[in-house]
1. When Cβ neighbours within 10 Å are restricted to other protein chains, what is their mean count per residue of peptide C:247-258?
2. What are the distances, in nm and sorted shortest first, from the label point of residue C:196 to the label points of the same position in each other copy, with each label point placed 7 Å from Cα along the Cα-to-Cβ direction?
3. Of C:144, C:80, C:233, which has the largest mean-square fluctuation in a 10 Å C-alpha GNM of chain C?
4. Counting only other chains, what is the mean number of Cβ atoms within 10 angstrom of the Cβ of each residue in peptide B:201-209?
5. Suppose the chain between residue C:254 and residue C:278 were pulled fully straight at 0.36 nm per residue; how much longer would it get relative to their current alpha carbon spacing?
6. When only C-alpha pairs under 8 Å and at least 6 residues apart count, what is the relative contact order of region A:1-129, in percent?
7. With a Cα-only, solvent-free Debye model of the protein assembly as shown, what are the log10 I(q)/I(0) values at q = 0.06 Å⁻¹?
8. Need the C-alpha centroid separation for region D:161-207 versus region B:173-230, integer Å.
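We did not get these values from a lab; they are worked out from the coordinates using the rules stated. The structure displayed is predicted, hence computed values, not measured ones. Methodologically, a virtual Cβ is constructed for each residue, glycine included, from the backbone with ideal geometry; neighbour enumeration extends over all protein chains shown.
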């Protein structure tokens, strides 16, 4: 029997960098949370504590700040510059994955801003000597439908008590991540359009299950955006239960709901096309 | 020596109710988190477990749902109806305080919505036999200034190392609560205007300290809105430190910042007018 | 009409300091989160941005670290040293309040430790020219009783649906804070005994309401510890609902429970003695 | 081009069940958070909303409660019973994964308990028609070394500013998960021993890097516990920075530290043996 080192990676997580551009009279701000993970020839530090091939996570943090000085641009580009830097600069680094979460801000003045909300724009770039993969995304997009949602016709067994319904509230916090077929993309346009398509499909697709809604959202993106190869989504079903008001002599025509925290359904799915490149190391 | 019961209150906290109005083809949704605290003649349950004067918190929750059926309206009105109910209905209840946090939603379709963000609209209503006090508020309004903020001229002692600055980032999450002089107010108009005034003062007031900014925000509200008697604010100073890039041979012209989590300054202040009614039991 | 500044305070919150004592072969560690709030002659910074009387929060943070170098000792003593320093050193500071949360660690080796859990030991010291007040406490002490808890005999109205019970689970997260009559106290002994008394009373007192349990816990402390003048507690009722298993042809003899997150009852109370000094500025 | 459904799963997450055993005069409590994910023949609900093969997540929740009635036992066994149930009962379910987080409680009385802390015991069981895989784990085990930790000899580039050190604080929150080679294991004994071995290796292994510590912890488990096939760990490096006290005329002999929240290093690694069965669908 021999003990062996398997998959491993390390890096600096959650470097929170804010970049202000003061070029004109109106400032621009970019607010990013950057996490880096490196994989490579790191067996020695594990087995003997020999760090000669290790890029300290502190250096990774410094690199984020130094690269930010030259401007952020779109987060997909920034993550690509960082990921390729670590692979190109260090022989011991075989794979660099850079994950960025961008907090959007709304302008209220030439140099004042209010946070736009809990939604985050996401980008994950993975670089090796063999290629670069870009995954974009959106997290924390909380949506609700008060109509156009049913759930019935499901399997019943001895533990089934859920009543079937042709009118329920459907609420979820969307985490959607999509893989690009290449890297020659107008990231901003693509992000804005994907977000719009996701929202539109959620709103307009009559829903017989949250799975159907999830699929329709991913399908809408793939039909309209040829640069997107694959969409992965996770959508917790934030249950809203109609409150029984009959003990108080009242009817509840699906108007008063208790919003429950836990437990919740969790629906996860992938939608892709049959003619797209393999995911490689994208995820 | 005698053991005595001092101040006490109890109630149901965080009843999360969602109310859908289906009157027309377009649904309206109200999403509230309601917390109730009752004070009164509750010594017996503490000392002997005699609950005959206790309104169970479960009943309080039911009351929220039942009252929601008749419509929410503005949260100040909803909280008033609830608070007065408990005082009027139960001889043992001397004081009822109802705190509501409203999650705003943006419409994306006749019956579909996306969450507007992390900001919450707040209302706290306190009712006794002697009166009703209304405090409105806003929480989680995260703002940032990338210009127009200085900090210098402060006290120095042997522990002072902070460099003075004439150009810093000022970022905070505003919690503002304001007390109304009466209850005959157009709550919606007043809330919208107070929020606008707070943001405008934050953005336009040149800042020599976060205290000055806080005061200017409260002052702007009091000057413009005669229905407001008092403003209380808490504003954490979310420090953004300019990163020292000189080790990398780079200048940092106040463009690259590290956003720190802890510790943070916390600035709390009250701004009022000299001609307003006493706060009574408002807070 | 004149705009006036009301109550205000400011300070550095959540300075996380870890102090290692390497005196012997066995290290000692103290892990504190320190929050400071100063009140005083600070009108100028609010109204004109004149900071000449302001002790920067950054200096306050530095002071925490510098004072930690001389050793922490018990957190009540450490908070007292800090609070008095700010009042004594700066004419503009009328009142200093220092709040400390201590994270306990269990030793597993001469210089290795494992975190003891989510419970925190608390101390809040308020100092002015006229005196010093010490409040100690414990937070996050999560307890549960699976027997010895009833709830019945409460007020009923048209919104009451809660069934009475003579056997329920009682679960809560205790926040207890107690005010000392003076400052000449063996803080460690007192804390340990108060914690023991709170737990013992929770466990052994047969409960007819959470209020009764709360009162019994405070009473036990006051009866046994003459140095304690007053106990304030907040105890959320973390509801555990017996699951209805009858649809599955099963009985549930109060054995299977669903632990609910929200809403929750929140019980707050003060227990004191009739012969104790006034609280002054303790709270 | 055809749109196709890729990997997908769904289930009820975070069913919080508390089971009390009242067999003797001393109660036993088990406090679990159960999350279920099913994969299988679920294309129809995605593409057409046909739910005839869907086991509602509400039914999954009911099943957890019903199975809890017969007793929990060790969480690995409970998760196995649940996972196999879904695979065996429903033709449409190809794979069931049940993840359990157990909150430990310490007894303070025959029927009273205090929460033991933030550490959670974990189990993840995956069942298909072809087999059952058991992964156990521990989460939130926060540890610190105030001695016996160095970091030097690492790669330097133009962005490196980190000083080398032969004496630093090493602090982390351990997430360790280990895969069993089979299912005929005394889960309780194995868990207790693995936890002990992890702590002992953390404490006693002189550390030249967090990677070396991580490897030593996994190695210790694999050397001593033949039933364990593989250990996967994630350990955030919770940086403690020695505070520079020289501006105050003080030395800091590695005694006063600022504990930083973000950013943090994140070290992830797998340690296994060369003679173990393939992981299959365990993870």
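1. For peptide C:247-258, the averaged partner shielding equals 6.
2. 2.9, 6.4, 7.0
3. Fluctuation is largest for C:144.
4. Per residue, the average neighbour count from other chains is 4.
5. Taking 0.36 nm per residue and subtracting the Cα distance, the gain is 4.1 nm.
6. About 26 percent, as a whole number.
7. Taken in order of the listed q values, log10 I(q)/I(0) reads -0.50.
8. 53
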